Amino acid sequence: MAALLDEKTLAAFARRVEAVQPEAPRRWGKLTAHGMISHLYRSMEISLGEVEGIKDQSIPGLRGVLAFLIFRVLPFPRGLVKAPDIFTPPPREEFESERKDLLAIMKRFVETSAQEPERKTVNPMLGPTTLNYWRRIHGKHFEHHLKQFGA
């Protein structure tokens, strides 16, 4: 699967999200399946600029190199990098409700990024990021976590 979350890959990513079982064992890391669903939902909210208080903590000279390596060259690191706490809130609701919310925000992100690809929101680790580039981030990020739970 291409490492983008866009119109062409949305249905395939959605099927894989739907395949995740609440009790699915993780293959690496510390997240539970429910925690992973919450984490992906929060990532989508951040990319759409819907979370208040997001601060750019990136290092300007390093963020371009880091983004290039992580999202274009290297495999996503397994269990080596812990996301900032803002990306890992506790689950808000029961699993199925959060999964439904994730599927809805995925669709909304794809629609919004198609309409406004150059709109920028703050990525805490990469600084100002276009929705177009967020497509790549989400594609690789979703791929990483869906594999983590066997989907």
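The values are calculated or read from the model by the stated rules, or taken from the named source; none is laboratory data. All of these numbers come straight from a predicted model, not from anything done at the bench. Backbone-built Cβ (ideal geometry, glycine too); neighbour counts: all protein chains shown.
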(request) Could you run through the range 78-126 and say how many residues are under 18 Å from Val51 (Cα atoms), modelled with pLDDT of 95 or more, of a type in the set (A, V, I, L, M, F, W, C) and exposed (fewer than 15 other Cβ atoms within 10 Å of the Cβ)? (result) 1
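If the requirement is being more than 14 Å from Ala83 (Cβ to Cβ), in a loop (DSSP other than H, G, I, E, B) and at pLDDT below 95, which of these qualifies: Ala3, Ala24?
None of the others qualify; the one that does is Ala3.
Out of everything in the range 127-151 that is of a type outside the set (Phe, Trp, Tyr) and not in a helix (DSSP H, G or I), what residue ends up being surrounded by the fewest Cβ atoms within 10 Å (Cβ to Cβ)?
Here is the first cut: in the range 127-151, the residues of a type outside the set (Phe, Trp, Tyr) are 127-132, 135-141, 143-148, 150-151.
The next check asks that each one be not in a helix (DSSP H, G or I); those that pass are 127-130, 150-151.
Working: Gly127: 16, Pro128: 12, Thr129: 23, Thr130: 15, Gly150: 14, Ala151: 18.
It comes out as Pro128.
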(request) Go through the range 7-58 residue by residue and tally those that are charged (D, E, K, R) and farther than 24 Å from Thr130 by Cα. (result) 7
(request) Report, by residue number, each residue of the range 6-19 that is in contact (Cβ under 8 Å) with a residue 40 or more places away in the chain and either part of a helix (DSSP H, G or I) or of a type in the set (Phe, Trp, Tyr) (or both). (result) Leu10, Phe13, Ala14, Arg16, Val17, Glu18, Ala19
